[in-house]
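The values are calculated or read from the model by the stated rules, or taken from the named source; none is laboratory data. Not measured: the values here are computed from a predicted model. Reconstructed Cβ throughout: ideal geometry from the backbone, glycine too, with neighbour counts over all protein chains shown. The area values use the complete protein model at the heavy-atom level, side chains included, leaving out ligands, DNA and RNA. Shrake-Rupley method; radii C 1.70, N 1.55, O 1.52, S 1.80 Å.
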Amino acid sequence: MLNVDLTINCDLARRVLTSFIRSEVTRVGFRRVVIGLSGGIDSALSCALAAEALGPENVLAVCMPYRESSSESLEHARLLIEQLGVPTITIEITDMAEPLIRRDPAMSKVRKGNILARARMIVLYDQSEAFQGLVVGTGNKTEILLGYTTLWGDMAAAINPIGDLYKTQVRQLARAMNLPRPILEKPPSADLWIGQTDEDELGFTYAEADKLLYLLVDQRYSPEECIAAGFDRGFVERVLNRVRRNQFKRMMPIIAKVSNRTVGYDFLYLRDWGT
Amino acid sequence: MELKLALVQMTTQLGNVAANLEKHLYFIEQARKQGAGLVVFPELSLTGYVLQDLAPTVAHRPTEDDPIFRPLLEASHELDLMVGFVDEDLRHRFYIASAYLSGGRVIHVHHKVYLPTYGLFDEGRFFAWGDSIRAFDTRFGRVGMLICEDFWHASPPYLLWLDGADLLLLSSASPGRGLNHGEKFESTRWVEQVTRSYASLFTIFVAHVNRVGYEDGLNFWGGSVIFDPRGEMVAQAPYHEEALLVSSLDLNLLKRVRARLPLLRDERTALVQRELMRILQSERTLG
């Protein structure tokens, strides 16, 4: 098996990502951000980076438990909030989500999970206006590539400092920033139902997926080269298929072009236009 | 002879030329106070880098009646300047350009000859390709200017060397990429390696001025640097922070180094020409 090294220079990553947050928040006239804390490592890292970039007082940590959320998640979020000294608000989403969920007793886990993710998006964007802060995203490169996210749910954000770090690298940086030990050590979970873990649901570990994605995406290996490097053919095909099938989640809605100049095709400006 | 050279490692506002001009004038004043004779700015310093559809709206002609160039030309009475901008020719083609200003006049304009259009870069879509590489005379000796991708290719620095340049002014808006366990981004390591090599290979001074700041998710890493004709680092600005780096260059070093290491004297240009013609005329070009 080819030795794939995903190690990053954490000092450099920390410097670039905190400056990114500072630059991209302040240049559009804000100085504050809001972040949804799940108790997991991704949102904890985003929150820690934002607190370092803007000062803890400018970061609102929003906890949004649902009645079936594990109590551990909330405890872990609390540990982080105390360590960073960021202001916090807890808004239960049970009352928002239940009426919709109750309409269909046969509702699937996936539908329910999507409703919860989108309910949290509504709360975050409401707090964005109330706190006058931009919403900071917490999705990592692995889940963005695999599409292990809810469209317009947990993906919704103004800026994302950790979206180019694989899960393995998120763990490394989180360790370097001394995030609370229970957050570093527990298995990743979207906490959408009791006992859920990402790796059970995906059917493979992040450690395996990260190495494969790094070869396919960053190093431009062909699938055959990945197999020759020691990856199982079925695993390579499954991962590739997920990446391709979920391209739609990484794009704005596609617009049917009829005019000479169309948003998304030939009306090309960065978001930072004029700033 | 001494040259006090100032490298301005700055951020820009994307598409806001008036705000960027103000910042140029501020840094020129700071450099003047420190006794600088030449102040150089990064690629597209007057406009910002990822211009896309903004390109035609931020273009300027480097003339005295241009509202952006007038104050810069005025400032160039006191010290020489190199600025980065979008040049628009009379037929409305837009170029990524560097202008060298001195004594109230435009001494030379370089149009970027290599427009990266791959990976995260899309310059060839929005800009016209420059078509000449010329050294030019200044009060500090003969100088050559190149812009970013121009010096990722070996031939432009080589041509400027043969055309008499003893000082290369290289400017960039170089995004940091390739984070791994190393001390620096892969792109940083690459650029530092080649810029130092040119100083060593050609026994010339090389100054590389790179911008800092962010445009959307791109980080520009700075680290502006000067190498002397021995390939030794004279000075370097910090990474990822705005900085004004002022250094004194002992231009007599050119003589001392070349007395010891006559690479320029021994360069077999006729041989290069002969072999290049043969290669270009054969079927084997770029193999």
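Quick look at the numbers
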quantity: Stretchable slack from B:Leu25 to B:Met233, in nm (0.36 nm times residue separation minus alpha-carbon distance); calculated: 72.1 nm
quantity: Accessible area of the protein assembly as shown belonging to carbon and sulfur atoms, whole % at 1.4 Å probe; calculated: 52 percent
quantity: B versus A: buried accessible surface, summed, Å² (probe 1.4 Å, to nearest 100); calculated: 2100 Å²
quantity: Euclidean distance between Cα centres, the range A:73-111 to the range B:145-211, Å; calculated: 52 Å
quantity: Signed unit charges on C-beta, dipole axis of the protein assembly as shown, positive-most listed residue B:Val206, A:Gly195, A:Cys63; calculated: B:Val206
quantity: Theoretical gain in end-to-end length, A:Glu82 to A:Val110 [0.36 nm per residue, Cα-Cα removed]; calculated: 6.8 nm
quantity: Candidates B:Thr47, B:Thr57, B:Thr195, ranked by Gaussian network fluctuation over chain B, Cα under 10 Å, top entry; calculated: B:Thr57
quantity: Helix-only CD estimate at 222 nm, as mean residue ellipticity for chain B, using -39500 (n - 2.57) per DSSP H run (n ≥ 4); calculated: -8000 deg cm²/dmol
quantity: Surface accessible to a 1.4 Å probe, B:Glu78 within the full protein complex, Å²; calculated: 120 Å²
quantity: Shape of the range B:143-287, Cα gyration tensor, a/c cut at 1.5; calculated: oblate
quantity: Loop chymotrypsin sites (Phe, Trp or Tyr not before Pro), the range A:191-237 (other Cβ atoms within 10 Å of the site Cβ: 12 or fewer; DSSP); calculated: none
quantity: Per residue solvent-accessible surface (Å²) - chain A, probe of 1.4 Å; calculated: 49 Å²
quantity: Rg(Cα) / (2.2 N^0.38 Å) computed for the range B:2-286, rounded to two decimals; calculated: 0.97
quantity: Within chain A, helix-based [θ] at 222 nm, where runs of 4 or more DSSP H residues each add -39,500 (n - 2.57), nearest 500; calculated: -14000 deg cm²/dmol
quantity: Max mean-square fluctuation residue, GNM over chain B, Cα-Cα springs under 10 Å, options B:Phe121, B:Phe151, B:Phe94; calculated: B:Phe121
quantity: Net length gained if the chain between A:Leu151 and A:Val217 were fully extended (0.36 nm per residue, minus Cα distance); calculated: 21.6 nm
quantity: Under 14 Å from the A:Arg261 label point (7 Å along Cα→beta-carbon), backbone N, the range B:39-61; calculated: B:52-58
quantity: Per-selection Kirkwood Rh - the protein assembly as shown (Cα, Å, 1 d.p.); calculated: 26.3 Å
quantity: Computed E for B:Lys33/A:Tyr269 - FRET, C-beta separation, R0 35 angstrom, nearest 0.05; calculated: 0.40
quantity: Per residue, in Å², the accessible surface of the range B:62-190 once ligands and nucleic acids are set aside, probe 1.4 Å; calculated: 42 Å²
quantity: Chain B, relative contact order [Cα under 8 Å, separation at least 6], %; calculated: 18 percent
quantity: Top positive-direction residue, dipole computed over the range B:2-286 with Cβ charges, set B:Ile226, B:Ser98, B:Leu280; calculated: B:Leu280
quantity: Taking only Cα atoms of the range B:217-283, radius of gyration then Dmax in Å; calculated: 19.1, 49
quantity: Cα centroid of the range B:1-15 to Cα centroid of the range A:210-260, whole Å; calculated: 42 Å
quantity: Hz values of 3J(HN,Hα) by residue in the range A:163-171 - Karplus curve (6.51, -1.76, 1.60), Gly and Pro given as x; calculated: x, 10, 10, 5, 3, 4, 6, 4, 4
quantity: Relative contact order for the range A:34-111, counting Cα pairs under 8 Å that sit 6 or more residues apart, in percent; calculated: 32 percent
quantity: Excluding exposed DSSP-loop trypsin sites (Lys or Arg not before Pro) (at most 15 other C-beta within 10 Å), longest clean stretch of chain A; calculated: A:104-219
